[in-house]
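K.L.:
Here's a structure for you.
The values are calculated or read from the model by the stated rules, or taken from the named source; none is laboratory data. Source: prediction; values computed, not measured. Neighbour counts are summed over all protein chains in view; Cβ atoms, including those assigned to glycine, are modelled from backbone coordinates with ideal geometry. Remember, those area values only see protein heavy atoms, side chains included, never the ligands or the DNA or RNA. Shrake-Rupley method; radii C 1.70, N 1.55, O 1.52, S 1.80 Å.
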Amino acid sequence: MKKLLLMIGVISVLFLFGCDTANTGSSQAAEPGKVKIGVMLPLTGDAASYGTGIQRGIELAIADAKLTNVDVIFEDSKCDGKEAVTAINKLISVDKVVAIVGEVCSSATLAAAPIANQHSVPLISPSSTSPAITEAGDYVYRTVPSDALQGDFGANLVYGYGYEKLAVLYSNEDYGIGFLGVLEEIFPSLGGEIVAAEAMERGSADARAQLTKIKEAEPDSIYIISNSPDSMVASIRQIAELGIEADLFGSEGLKGPEVAALDASEGLIITSVSSGTTEFQTEHEARYGEVPGPFAAQGYDAFKALSLAVKQGATSGPQIKQFLDSMEFTGASGKIVFDGSGDVSGNYDVYTVIDNEFILEDE
Amino acid sequence: MAVVAQLIINGLIAGSIYALVAAGFSLIFSTNKFMHFAHGSSVVIAGYLLFTFFSLWHIPFYLSCLLTVVLTGVLGVVLHRFVYLPLEKKNASTVVLLIASIGLLMLFQNLLQIIFSASVKTIGYVQVAQGVSLFGASITPLQIAIILLSFFLLILLYWFMKYTALGRNMRAIADNKELAEIIGIDHIKVASLSFFIGSALAGIAGILIGLEQNVYPTMGTMLIVKGFTGAVIGGIDFVPGSILGSYLLGLIENIGIWFIPSGYKDALSFALLFIFLLFRPQGLFGINKGVRK
């Protein structure tokens, strides 16, 4: 009896470990005869703060587009590969959407990509930056530049400040691994050395063991690559507690209020994609009373790209794709032109945390 | 040498955190014989209660802690009386109770997100600063307090289970529920009390973990997974055993990844879980009743 109980317990634990929460995808009933656009974002779970921020950007785009023949269906895909596959299957097979905005996390976007390609439904991610997405298929687009660009920019930034021994603490998923790959290629080519690269599980709040290894490697700088607020707040705190004397750099995932609020973040330098034009920021603040969250502008642009295609008469996936491939517009995050593999180019801003605020650095 | 000391201290800190979760979980398991996975939510809810009382309402810190512990204990009793007991009365199997507990875990996780949003909340009672040096390793005063308190709970719970009347009743029920009822022990009352004490322990855990790791809605799952693993290693129905098992888990995880890539940290703990289930399912210190053939 006890053995059985234990086994059941173990199965449950594995189940819990694999999926944090049950599928709580919400959908709005869509009327027939309309074009349906799906949105899949992490609205619950540890990436929900990104998902809800991007959702606001999308809602602004919906309001601005003033389309009467479009229904938008939101699904919660939890920044998780399995959940993203469930969500995209539901959106395509049950709701019959013709295009989708999503997912936030690279792992989830990569998991959903084959299904989008198979059904010829364009999938535009507002925030998945893994270099692997460039190759994810004809129907996969994004309004955020690839980490192949950010990693290059970041490596040059760190080296430009005069650091030569870089340690990397990265999130153990497509996003972190992809970004690390670029750093490992570029930083040594500049003349620096990557002295340690340690992985951290998404959502884990204990990086002490990894940081002890990093401390032993005696780096002069540490690059944190994460988009899990729980993990980055914990790791920045533990760097201070362990007394590691290295200066901190971070990927754009760190640009959140939680990180800035931490006293230990003082001096942290992050590279970030555009947080939106002044007009977008003003509109966002007027509607929500807050500055836009990370990737809200990219979320706005992802939806805007689809709405422009629909406005020009596209009603099916392949038609929308045709418009996407040739379109050029100025969105909330800047100029959007998709290249042959659905990527956009982009510039990065550099922010430094001073007195609990991200201060934009003038180049 | 400093590295060895730091690795051991890292292991003790992680182990203490797992132990704080495992202690209450194991106490509730030993009298009720089902897995109360929503115990993870009790810990997180305690963290949010402290955040509300102390950071939002500015109630003095120690009073906030007291309120948190009592309310978390009451929450445990409420869950027992209104969720588990009605199910038990309908002769629900332990599997049903377990599914109910996972349901509660998810329910609370999402409720917390609706109420407090998904972002990380910092309680801010303890300032983040470099720790003091101990054998060349760095440790903060809060972490020392966490380790000492876990040790203290280990001794206190051992004493409680062995020498108090309630502890004896709990052990009697753990050992043989029918026999315990025959000699007049009210098992529902004892079960409720075990939920109160176990959940109050989750309250203490939530306060310390909240101060150490901040609070966010999804942390309960992570904590209960590690707490459960620690409990299995030590012996799930023997409370001091689960505490020791949690320490062992923390130490093995933290020392182990010095030798293997850090991405395998969780794989290491689950490998350990399976080794124990295969070769020593009663755990290191668990009671082997000798009925398994």
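K.L.:
Could you grab me the full set of residues in region B:251-266 that are open to solvent by 30 Å² or more (accessible area, probe 1.4 Å) and within 10 Å of chain A (Cβ to nearest Cβ)?
P.N.:
Of everything in region B:251-266, those that are open to solvent by 30 Å² or more (accessible area, probe 1.4 Å) and within 10 Å of chain A (Cβ to nearest Cβ) turn out to be B:ILE255, B:TRP258, B:PRO261, B:TYR264.
K.L.:
When you check B:PHE25 against the structure, is it in a helix (DSSP H, G or I), within 11 Å of chain A (Cβ to nearest Cβ) and closer than 11 Å to B:SER199 by Cβ, yes or no?
P.N.:
yes
K.L.:
Quick one: in region B:210-231, of everything that is within 7 Å of another protein chain (Cβ to nearest Cβ) and open to solvent by 10 Å² or more (accessible area, probe 1.4 Å), which residue is nearest to A:LEU5 (Cα to Cα)?
P.N.:
Restricting to residues being within 7 Å of another protein chain (Cβ to nearest Cβ) and open to solvent by 10 Å² or more (accessible area, probe 1.4 Å), the top hit is B:MET222.
K.L.:
Based on this model, can you work out whether A:GLY151 counts as in contact (Cβ under 8 Å) with a residue 24 or more places away in the chain and over 24 Å from A:LYS321 (Cα atoms)?
P.N.:
Yes; evaluated as a whole, the condition is true for this residue.
K.L.:
Another one. How many of the residues making up region A:166-180 are farther than 19 Å from A:LEU211 by Cβ and of a type in the set (Phe, Trp, Tyr)?
P.N.:
1
K.L.:
Test of understanding: among A:GLY256, A:GLY243, A:GLY289, which residue is in contact with a strand residue (DSSP E or B) (Cβ under 8 Å, 6 or more places away or on another chain) and either loosely packed, with under 15 Cβ neighbours inside 10 Å or not hydrophobic (A, V, I, L, M, F, W, C) (or both)?
P.N.:
A:GLY243
K.L.:
Further question on the same structure: With (1) open to solvent by less than 70 Å² (accessible area, probe 1.4 Å); (2) within 14 Å of another protein chain (Cβ to nearest Cβ); (3) under 23 Å from the mean Cα position of the chain (by Cα); (4) farther than 22 Å from B:LEU12 by Cα as the list, and B:LEU79 as the residue in question, which single condition is left unmet?
P.N.:
If we test B:LEU79 against (1) open to solvent by less than 70 Å² (accessible area, probe 1.4 Å); (2) within 14 Å of another protein chain (Cβ to nearest Cβ); (3) under 23 Å from the mean Cα position of the chain (by Cα); (4) farther than 22 Å from B:LEU12 by Cα, just (2) comes out false.
K.L.:
Of the conditions (1) modelled with pLDDT under 90; (2) in a loop (DSSP other than H, G, I, E, B), A:PRO219 clears all except one; give me its number.
P.N.:
Status for A:PRO219: all satisfied but (1).
K.L.:
Report the residue count in region A:328-349 for those that are closer than 24 Å to A:ALA132 by Cα, surrounded by 15 or more Cβ atoms within 10 Å (Cβ to Cβ) and touching a helix residue (DSSP H, G or I) at 6+ places or on another chain (Cβ under 8 Å).
P.N.:
8
K.L.:
Okay, next question. Could you run through region B:82-99 and say how many residues are out of contact with any Phe, Trp or Tyr (no Cβ under 7 Å at 6 or more places or on another chain) and either among the β-branched types (Val, Ile, Thr) or within 14 Å of chain A (Cβ to nearest Cβ) (or both)?
P.N.:
Residues meeting the conditions: 6.
K.L.:
Within region A:78-118, count every residue that is open to solvent by 20 Å² or more (accessible area, probe 1.4 Å) and hydroxyl-bearing (Ser, Thr, Tyr).
P.N.:
3
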